[in-house]
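Below is one structure; the comments refer to it alone.
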Amino acid sequence: MDEAEASIGTQQIPEASEALFSTVDIILLTILIGGIAWWFLNKQKKKDVTTSTRSYSIQPTSMSLQTSSDNSFIKKLKTSGRSLVVFYGSQTGTGEEFAGRLAKEGVRYHLKGMVADPEECDMEELVNLKSIPTSLAVFCLATYGEGDPTDNAMEFYEWLQNGDADLSGLNYAVFGLGNKTYEHYNQVAIYVDKRLEELGATRVFDLGLGDDDANIEDDFITWKDKFWPAVCEHFGIESTGEDISIRQYRLQEYKDETPEKLYTGEMARLHSLKNQRPPFDAKNPFLSKIRVNRELHKGNERSCMHIEFDIEGSKMRYDAGDHLAVYPVNDSELVEKIGKHTGKDLETIFTLINTDEESSKKHPFPCPTTYRTALTHYLDITMNPRTHVLKELSEYCSDPAEKEKLRLMSSTSPEGKALYQQWIISNNRNIVHILEDMPSCKPSLDHLCELLPRLQPRYYSISSSPKLYPNTVHITAVVVEYDTPTGRHNKGVATTWLAVKKPVAGQELPTAPIFIRKSQFRLPTKPQTPIIMVGPGTGLAPFRGFIQERNQAKEDGQAVGETVLYFGCRKKTEDFIYEEELLNYEKSGLLTLHLAFSRDQAHKIYVSHLLEQNADEIWRIIVENNGHLYICGDAKSMAPDVRNIVMKVMQDKGQMNEQQASAYLKKMETQKRYSADVWS
């Protein structure tokens, strides 16, 4: 009975009492009993609904999530006779890969290892790891964004920040994965290493820092080769001297039968792309219809796409500044070449089963599936293979020279490192190129599927505002194509795949699996706060959403502060993206535009040059009016250049020394008044 019904009932009782007082008791008693019965029944229904909702909400990600009774890594270590646990914080899969390699190598040092996802573990159990003899916790932790932990390490990171657990007796080591072009280089690993020591843990070996802008594989191997001797010394153990090359997964192929479950490209739940149900995330992406895919460049050899994804009915929400993740598929031509070089029928159905029964990761990717599906949807076949892959490939070479070359590149010798840097990295060879250039190398396809890393989603800054487009989400992406030093033509996995997904009248709309990742890149809460945005090229993407939102506020009658955009491209007539939109915003009085077209004159002009000329504007908006500064685009040169210019403005206009100017910018970052969304 709802409130309206209850109100009607109480109004009717006095009328009944005047007519027949003798039946009042019966009526009241009936209502009371009925009410009690209704309350108990409704409570039970709510309980059932709650139970149903809970199981429903976790189902899309149930493949890897652990139940509360099954997240004790201490219990798993003890029952399987292990003493080494390697935790990973990974956004793109590299951290998880490094963790797996360390855990595997532990056998050589009498330390049987286990890989663990901190998101699936009760990390408070670290206080009890010392109860296991010769125990060691290693952390392979990536940093992304503005010094942020990866999604799966967020809770652990916050626990370390806010807790004061006694970790005395815990032996640990940390390897960080970062990129030196970012200001907060390896901040997560640096903090975790320091914090663990503060809480009483014992550092077994020095913090390792990997730089993905240079050669993170080389950094990891160099650190690892010093790490193991330090571990041996700390525990008083010796290496077995054995070279570990143990398969982690065993193969099962289906010859005459088709398994009941067969994955065809889903990330986790079987048939999730056909039977869509929220919530949508990395393991349960939304299959979105592409409503618009138009070219932004004019008469240019390069291509830049404006794509609009339909999210109506998905219950997904986004804010201007968030990122859209797209799951791409690999080029079918490359997939066919791998099938040809390995001599395998790509339609063969197979599964890879983890030989470690204690591992929560039963398969390297959704299985069973076909080799074609695995190579198309689940494996990264275009990246430069890491050294451990080359080492395994060398065993399949019948030509001694090719075998030795692969072995050398997988070694830690200076000659081997130099050859790997030149032959793999500089010449930009992927697995297909290696098999083409080493014809005697004939690896088994199932082993290759075990060795290659997972194909990761591609992230794009969202270039729209939900205030204008609540049911669509827009991205702006340049199609990646380039020639390698070996004369091959490489194409970007996602942008090449998206480029052909263009709506055609009278035909079904093309689709792509997507999800939204939240960002800290946000407009000020008050629209009257002035802002400066620096976004050359596709760095303009999030600012298009910002400008749309500020314009909407203005049209709604709100006071909107100065909105300044620094945009640059090569030529005004070729790659001035969203030109008409921006000029209209300028005409309306909302936007102040500073434009740099680098190749429209003899000497190149970039946004950094315009910033240097407008020191008064920067000082007025940022310091005098307490405004916000946003940077989006290239992390290697543009972002540092902008920061240095702002530093100089602080020094010149504010009579600050370098230390004071740096402190002022740090304070702006803390206040979220200085934000960067950059990539290398």
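Filtered by the rule that a residue be at pLDDT 95 or above and in a helix (DSSP H, G or I), the range 363-388 gives Tyr371, Arg372, Thr373, Ala374, Leu375, Thr376, His377, Tyr378.
Within the range 111-127, can one find any residue that is open to solvent by 20 Å² or more (accessible area, probe 1.4 Å), basic (Lys, Arg) and either assigned to a helix (DSSP H, G or I) or closer than 30 Å to Lys636 by Cβ (or both)? No, the conditions are met nowhere in the range 111-127. When restricted to residues that are of a type outside the set (Ser, Thr, Tyr) and buried (at least 16 other Cβ atoms within 10 Å of the Cβ), the range 571-585 contains 6. Among residues of the range 579-593 that are in contact (Cβ under 8 Å) with a residue 12 or more places away in the chain, those with a Cβ under 9 angstrom from a residue that is acidic (Asp, Glu) and open to solvent by less than 60 Å² (accessible area, probe 1.4 Å), sequence gap 6+ or separate chain, pair up as Thr592/Glu617. In the set (1) closer than 30 Å to Met638 by Cβ; (2) open to solvent by less than 20 Å² (accessible area, probe 1.4 Å), the condition left unmet by Ala137 is number (1).
Flag not set for Leu611, criterion: open to solvent by less than 20 Å² (accessible area, probe 1.4 Å) and part of a strand (DSSP E or B). Can you tell me how many residues in the range 550-587 are in contact with a strand residue (DSSP E or B) (Cβ under 9 Å, 6 or more places away or on another chain), assigned to a loop (DSSP other than H, G, I, E, B) and of a type outside the set (Phe, Trp, Tyr)? Counting residues in the range 550-587 that are in contact with a strand residue (DSSP E or B) (Cβ under 9 Å, 6 or more places away or on another chain), assigned to a loop (DSSP other than H, G, I, E, B) and of a type outside the set (Phe, Trp, Tyr) gives 5. The residue of the range 132-156 that is farthest from Thr202 (Cα to Cα), among those that are in contact (Cβ under 8 Å) with a residue 60 or more places away in the chain and among the hydroxyl-bearing types (Ser, Thr, Tyr), is Thr150. Only residues that are surrounded by fewer than 16 Cβ atoms within 10 Å (Cβ to Cβ) and in a loop (DSSP other than H, G, I, E, B): list them for the range 481-498, please. Once the filter is applied, which keeps residues that are surrounded by fewer than 16 Cβ atoms within 10 Å (Cβ to Cβ) and in a loop (DSSP other than H, G, I, E, B), the range 481-498 yields Thr484, Pro485, Thr486, Gly487, Arg488. Screening the range 523-558 for residues that are of a type in the set (Lys, Arg) and over 18 Å from Tyr318 (Cα atoms) and picking the one that is most open to solvent (accessible area, probe 1.4 Å) gives Lys526. When Arg458 is tested against (1) open to solvent by 40 Å² or more (accessible area, probe 1.4 Å); (2) over 21 Å from the mean Cα position of the chain (by Cα), only condition (2) is not met. Residue selection: Lys417 fails the criterion of being at pLDDT 95 or above and assigned to a helix (DSSP H, G or I).
Just give me the residues in the range 248-284 being in a loop (DSSP other than H, G, I, E, B), in contact with a helix residue (DSSP H, G or I) (Cβ under 8 Å, 6 or more places away or on another chain) and within 20 Å of Asp345 (Cβ to Cβ), in sequence order. Within the range 248-284, Tyr263, Thr264, Gly265 qualify. Each residue in the range 320-348 was checked for being surrounded by 20 or more Cβ atoms within 10 Å (Cβ to Cβ) and assigned to a strand (DSSP E or B), and 3 of them qualify. Among the criteria (1) under 26 Å from Glu580 (Cα atoms); (2) acidic (Asp, Glu); (3) at pLDDT 95 or above, the one Glu301 does not fulfil is (3). Scanning the range 301-317 for residues that are touching a residue at least 40 places away in the same chain (Cβ under 8 Å) and surrounded by 15 or more Cβ atoms within 10 Å (Cβ to Cβ) gives Ser303, Cys304, Met305, His306, Ile307, Glu308, Phe309, Asp310, Ile311, Met316.
Of all residues in the range 614-658, those being polar (S, T, N, Q), within 23 Å of Tyr182 (Cβ to Cβ) and either open to solvent by less than 70 Å² (accessible area, probe 1.4 Å) or touching a residue at least 60 places away in the same chain (Cβ under 8 Å) (or both) number 1. Filtering the range 508-541 to residues that are more than 14 Å from Ile631 (Cα to Cα), not in a strand (DSSP E or B) and not hydroxyl-bearing (Ser, Thr, Tyr) leaves Glu508, Leu509, Pro510, Lys518, Pro524, Lys526, Pro527, Gln528, Pro530. Identify the residue in the range 437-479 that is among the aromatic types (Phe, Trp, Tyr) and touching a strand residue (DSSP E or B) at 6+ places or on another chain (Cβ under 7 Å) and, among all such residues, is nearest to Asn330 (Cα to Cα). Per the stated criteria, the residue is Tyr459. Exactly one residue among Glu574, Glu581 is in contact with a Lys or Arg (Cβ under 6 Å, 6 or more places away or on another chain) and either under 24 Å from Met668 (Cβ atoms) or not assigned by the TED database to the domain that holds Val479 (or both), and that residue is Glu574.
Residue check: is Trp228 at pLDDT 95 or above and open to solvent by 10 Å² or more (accessible area, probe 1.4 Å)? Judged against the criteria, Trp228 is not a match. Does Lys501 satisfy the condition of being open to solvent by 10 Å² or more (accessible area, probe 1.4 Å) and at pLDDT 95 or above? Yes, satisfied. For the range 351-362, the condition holds for at least one residue, the condition being that it is among the hydroxyl-bearing types (Ser, Thr, Tyr), open to solvent by 40 Å² or more (accessible area, probe 1.4 Å) and either part of a loop (DSSP other than H, G, I, E, B) or in the same structural domain as His447 (by the TED database) (or both).
Scanning the range 618-676 for residues that are outside any helix (DSSP H, G or I) and of a type outside the set (Asp, Glu) yields a count of 21.
Regarding the range 285-295, can at least one residue be identified that is open to solvent by 60 Å² or more (accessible area, probe 1.4 Å) and either in a loop (DSSP other than H, G, I, E, B) or at pLDDT below 95 (or both)? Checking the range 285-295: not a single residue is open to solvent by 60 Å² or more (accessible area, probe 1.4 Å) and either in a loop (DSSP other than H, G, I, E, B) or at pLDDT below 95 (or both).
Among the candidates Ser411, Ser426, Ser394, Ser463, the residue that is open to solvent by 50 Å² or more (accessible area, probe 1.4 Å) and among the hydroxyl-bearing types (Ser, Thr, Tyr) is uniquely Ser426. Residue count for the range 193-222 satisfying the condition of being under 26 Å from Tyr420 (Cα atoms) and outside any loop (DSSP other than H, G, I, E, B): 11.
The values are calculated or read from the model by the stated rules, or taken from the named source; none is laboratory data. On a predicted model such as this, the values are computed, not experimentally measured, just so you know. Here Cβ is always computed from backbone atoms with ideal geometry, including for glycine, and neighbour counts include all displayed protein chains. Areas reflect the complete protein model, heavy atoms only, side chains present, ligands, DNA and RNA absent. Shrake-Rupley method; radii C 1.70, N 1.55, O 1.52, S 1.80 Å.
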